[in-house]
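Student: Sharing a structure, written as structure tokens. Questions coming.
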Protein chains: 2
Amino acid sequence: MFVIISYDVDVKRVAKVHKVLKKYLTWTQNSVFEGEITEGKLKQCLAEISRKTGEHYDSIYIYRVENPKHIKKVVFGVEKDFESMFL
Amino acid sequence: MFVIISYDVDVKRVAKVHKVLKKYLTWTQNSVFEGEITEGKLKQCLAEISRKTGEHYDSIYIYRVENPKHIKKVVFGVEKDFESMFL
């Protein structure tokens, strides 16, 4: 399946959550990740995140599209990648 | 169709871009908006955004899912809404 995951967590936990998501998905922009992932890997990823996040403040939104053919990404403006952030 | 739009724009333009997107979609988290929209309204929205953004820095990512039934949203943790941000 294809997923888009965005997070909004306490600033103290941003780096930890970012690090977990980066293991499983591709970082796109700010607090947004995307990529193809299996059900098992997604569960594993969310279990790891749940150990790093707080119940009363943090939130993670997961948009699931079972068939990656059903989603199309269009970039408007500059397509950023990790390197461009440090140039 | 259902769209998820995330933006990464210069801090000087964040409020302007946020305001345009809010006219057409629902704000979810940080720099992410979502919602059902027609092709015409999406074009109109993007035209408005293009007038507010800079070509060499800003980026807008649009994920399109033609049939809203093909996308499923799961919230993990706290589901934030506009009001909760000010409580």
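The values are calculated or read from the model by the stated rules, or taken from the named source; none is laboratory data. Since this is a predicted model, take the numbers as computed values, not measurements. Glycine also receives a Cβ, built like all others from the backbone with ideal geometry; neighbour counts cover every protein chain displayed. Side chains are part of the model used for accessible areas, which takes the heavy atoms of the whole protein and leaves out ligands, DNA and RNA. Shrake-Rupley method; radii C 1.70, N 1.55, O 1.52, S 1.80 Å.
Student: Please specify each residue of the range A:1-56 satisfying the condition of being part of a loop (DSSP other than H, G, I, E, B), in contact with a Lys or Arg (Cβ under 7 Å, 6 or more places away or on another chain) and under 24 Å from B:Phe2 (Cβ atoms).
Tutor: Of everything in the range A:1-56, just one residue is part of a loop (DSSP other than H, G, I, E, B), in contact with a Lys or Arg (Cβ under 7 Å, 6 or more places away or on another chain) and under 24 Å from B:Phe2 (Cβ atoms), namely A:Met1.
Student: From the list B:Tyr24, B:Tyr63, exactly one residue is open to solvent by less than 50 Å² (accessible area, probe 1.4 Å) and farther than 17 Å from A:Val75 by Cα. Which is it?
Tutor: Working: B:Tyr63 fails: farther than 17 Å from A:Val75 by Cα.
The unique qualifying residue is B:Tyr24.
Student: What residue, among those in the range B:2-21 that are within 9 Å of the chain's Cα centre (by Cα) and over 15 Å from B:Ser50 (Cβ atoms), is surrounded by the fewest Cβ atoms within 10 Å (Cβ to Cβ)?
Tutor: B:His18
Student: Shifting gears a bit: So in the range B:25-54, with the set limited to residues that are more than 7 Å from chain A (Cβ to nearest Cβ) and of a type in the set (S, T, N, Q), which one is nearest to the chain's Cα centre (by Cα)?
Tutor: B:Thr26
Student: Just to be sure I understand the filter: pairs with C-beta atoms under 6 Å, separated by 6 or more residues or on different chains, first member in the range A:1-13 and in contact (Cβ under 8 Å) with a residue 24 or more places away in the chain and among the hydroxyl-bearing types (Ser, Thr, Tyr), second member buried (at least 21 other Cβ atoms within 10 Å of the Cβ) and in a loop (DSSP other than H, G, I, E, B). Which pairs pass?
Tutor: A:Ser6/A:Ser31; A:Tyr7/A:Ser31
Student: Which number in (1) open to solvent by 50 Å² or more (accessible area, probe 1.4 Å); (2) within 16 Å of A:Gln29 (Cα to Cα); (3) within 11 Å of the chain's Cα centre (by Cα) marks the one condition that B:Tyr57 misses?
Tutor: (3)
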